[in-house]
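What follows is one structure encoded as structure tokens, with my remarks underneath.
None of the figures in this text is laboratory data; all of them are computed from the coordinates on show. Owing to the predicted nature of the structure, the values given are computational and were not obtained by experimental measurement. Cβ sites come from the backbone with ideal geometry, for glycine too, and all protein chains shown count toward neighbours.
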Amino acid sequence: MPDAIHVRLDALASPPPTAAARDSAAADELRAAWRARPNGRTFYLETFGCQMNVHDSEKVAGVLFARGYRQVDAPDDADLVLYNTCSIREKAAQKVFSRLGQVRGVARDGKVIGVLGCVAQQEGEQIFERAPWVRLVCGSASYRRLPELVAQLEAGDTRVTGLELDTDETFETDFTRRDNPFRAYLTIIEGCDKACAYCVVPMTRGPERSRTSESILREVRGLVELGYTEVQLLGQNVNSYRDPSPARLDFAELLEAVAEVPGVRRVRFTTSHPRDFTPAIVRAIERQPALCDHVHLPVQSGSSRVLAAMRRDYSREEYLERVAWVHRARRPISLTTDIIVGFPGETERDFEDTLSLLDLVQYDGAFSFKFSPRPNTAALRMPDDVPEEEKGRRLAILQERQREIQQARNERLVGQRLEVLVEGRSRPGQWAGRTSSNRMVNFTSPEPPALGEYREVVIHRAGPNSLVGEAVI
Ligand code: SAH
Ligand code: SF4
Ligand code: F3S
């Protein structure tokens with residue numbers, strides 16, 4: 001495969017923000033490729049689910065742009081209507097079928113409707129039965145075949161599928177159409193080899209496949225050339241990364257290598273699995289200022305009994321040991337998490353254990369969910385015995401407790417100076433950006449800051465989910 005060329009959307013739609021990026025050979029080449037081969041066809045792409053899906057959509061859009069397609073904002077205006085879907089909880093999966101219902105009429109006009117992502121992989125050809133107007137079903141492990149599948153559709157094939165999971169390849173494209181002008185996502189590992197009892201991901205994304213460190217570092221250097229200063233490494237479990245090349249970097253070494261690429265100012269990574277979390281990762285963060293002081297470390301439950309039933313491969317004590325490594329680091333590192341309430345067999349006592357874990361860890365953020373039984377998972381065979389209403393009650397209690405913790409933690413930042421990457425305006429005269437710890441800061445400034453620049457902001461007020469401050473000249 002030729003060296004991949006990656007591009008930011010604004011590098012093509014309008015001049016990129018920095019002169020270096022504007023003049024980069026990569027941006028030039030892409031502009032040329034883009035304009036030279038329009039084929040008159042259009043696509044609409046809507047994305048559901050996690051950051052992996054968001055980034056996959058950027059690559060899918062790149063594949064289509066490279067074939068001469070143009071992106072439009074409404075299914076009505078598109079020749080090809082694509083949904084990149086999520087199957088993690090039942091509600092997410094249902095949303096897709098309601099969308100497919102909405103575009104049924106559009107399909108009658110000869111438009112191609114396609115389902116990509118995790119619902120595609122999960123439901124496979126059954127999607128054609130539920131929604132016969134769908135013509136393309138393709139899971140993420142088969143995206144390398146997308147150009148071929150799209151060519152078959154263009155040639156008039158009625159139905160095409162890409163549902164193979166036995167791939168050891170990762171999805172790398174010649175073109176990636178990036179939506180976020182400030183933070184560039186890049187995949188380092190695809191799939192998942194864990195077997196958490198509640199989770200569809202090992203089925204929907206296939207086995208773990210790591211990219212070579214050379215290919216990752218080449219992409220990072222290309223991103224710097226395009227003007228990016230912040231990169232986010234993605235994977236279902238980034239710290240299960242195993243370099244398949246002779247360099248054999250482990251995840252902590254890869255983090256350091258990425259942080260040392262000249263021009264990189266911030267490196268984020270998500271998600272870390274507690275089982276594969278090591279002290280070396282904390283040491284890397286201590287050593288490299290470019291590694292953001294934030295670790296997302298999903299715990300799921302504070303009860304060792306529930307963790308065993310979930311097959312998470314760690315106990316409450318082992319998890320807290322990892323938290324202690326993070327808390328002892330030489331600079332403060334933010335911790336965020338994911339929690340499931342109402343897993344089969346979760347008692348009031350187990351739930352209390354989760355609440356006490358929140359108090360002990362003092363997370364800076366938590367995504368929490370009611371357990372949702374999913375097809376082909378081990379938990380489906382366990383009785384879903386916590387009533388819906390009780391799941392709702394536990395979720396509300398947990399979210400309130402976490403809100404109080406975040407409020408208190410954020411208040412401690414009042415009066416401090418924090419570096420913010422300016423990402424946009426929150427309202428007239430006010431800008432918004434993120435700190436290294438991933439906190440959102442809304443701020444005023446004596447003179448308007450440029451988007452994409454780093455500014456020192458003094459924090460004046462704190463809420464549970466954001467901070468308010470003023471930029472320092
Ligand atoms: N790989 C990551 C998580 C990916 S899924 C990890 O292992 O931590 C994102 C989150 O969705 C999970 O952390 C979990 O909290 C939630 N989740 C997954 N399956 C779920 C289910 N069946 N019901 C409710 N929440 C679920
Ligand atoms: Fe799902 Fe567990 Fe894999 Fe995370 S580690 S994606 S929760 S199976
Ligand atoms: Fe959803 Fe698939 Fe991501 S199920 S959370 S889109 S890996």
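Observations on the model:
- q = 0.06, 0.08, 0.09, 0.11 Å⁻¹: log10 I(q)/I(0) that the Debye formula gives for the chain, counting C-alpha atoms only: -0.28, -0.51, -0.65, -1.00
- Within the stretch 401-457, the percentage of alpha carbon pairs spaced more than 18 angstrom apart rounds to 35%.
- Anisotropy class of the stretch 115-173 from Cα gyration tensor, a/c 1.5 cut: oblate
- Close amide H pairs (under 5 Å, H built 1.01 Å from N) link residue 82 with 44, 45, 46, 114, residues at least 5 positions away or on another chain.
- Along the axis of the charge dipole computed for the chain (Cβ charges of +1 for Lys and Arg, -1 for Asp and Glu, origin at the Cα centre), the listed residues 472, 333, 93 are led at the positive end by 472.
- Net length gained if the chain between residue 305 and residue 330 were fully extended (0.36 nm per residue, minus Cα distance): 5.7 nm
- Karplus-derived 3J(HN,Hα) values for the stretch 455-470, using 6.51 cos²θ - 1.76 cosθ + 1.60 with θ = phi - 60°, are 10, 7, 10, 8, 7, 9, 9, 9, x, x, 10, 7, 10, 10, x, 9 Hz; glycine and proline are entered as x.
- Reciprocal of mean inverse Cα separation for the stretch 335-473 (Kirkwood radius, Å): 17.1
- Gain on full stretching of the segment that runs from residue 412 to residue 98 - 0.36 nm per residue minus C-alpha separation: 108.6 nm
- Scaled against the 2.2 N^0.38 Å expected of a compact globular protein of N residues, the Cα radius of gyration of the stretch 299-366 reads 1.10.
- Rounded to the nearest 20, the size of the Cβ-charge dipole of the stretch 140-207 about its Cα centre is 360 debye, with Lys and Arg at +1 and Asp and Glu at -1.
- Three-way shape label, the stretch 39-86, alpha-carbon gyration tensor, a/c 1.5: oblate
- Computed over the Cα atoms of the stretch 162-264, pair by distinct pair, the Kirkwood hydrodynamic radius stands at 14.6 angstrom.
- Cα gyration tensor, the stretch 349-403 - rounded (a/c under 1.5), prolate or oblate: prolate
- Counting DSSP beta bridges with both ends in the chain, the antiparallel % (nearest 5): 30
- Average silhouette area of the stretch 233-313, convex hull of alpha-carbon atoms, in square nanometres: 6.0
- Alpha carbon centroid spacing (whole Å) that separates the stretch 335-376 from the stretch 67-88: 35
- Under 13 Å, Cβ to Cβ, from residue 247 - net charge with Lys/Arg +1 and Asp/Glu -1: -1
- Here the stretch 242-382 is treated as an ellipsoid with the same Cα gyration tensor; its semi-axes, largest first and in whole Å, are 31, 18, 13.
- Distance from the C-alpha centroid of the stretch 114-188 to that of the stretch 251-303: 30 Å, rounded to the whole angstrom.
- Derived scalar couplings ³J(HN,Hα) [the stretch 179-196; Karplus, 6.51 cos²θ - 1.76 cosθ + 1.60; whole Hz; x for Gly, Pro]: 8, 8, x, 10, 10, 9, 7, 9, 7, 10, 8, 10, x, 8, 9, 7, 9, 4
- Charge dipole of the chain (Cα centre as origin; +1 on each Lys and Arg Cβ, -1 on each Asp and Glu Cβ, all else neutral): 620 debye, rounded to the nearest 20.
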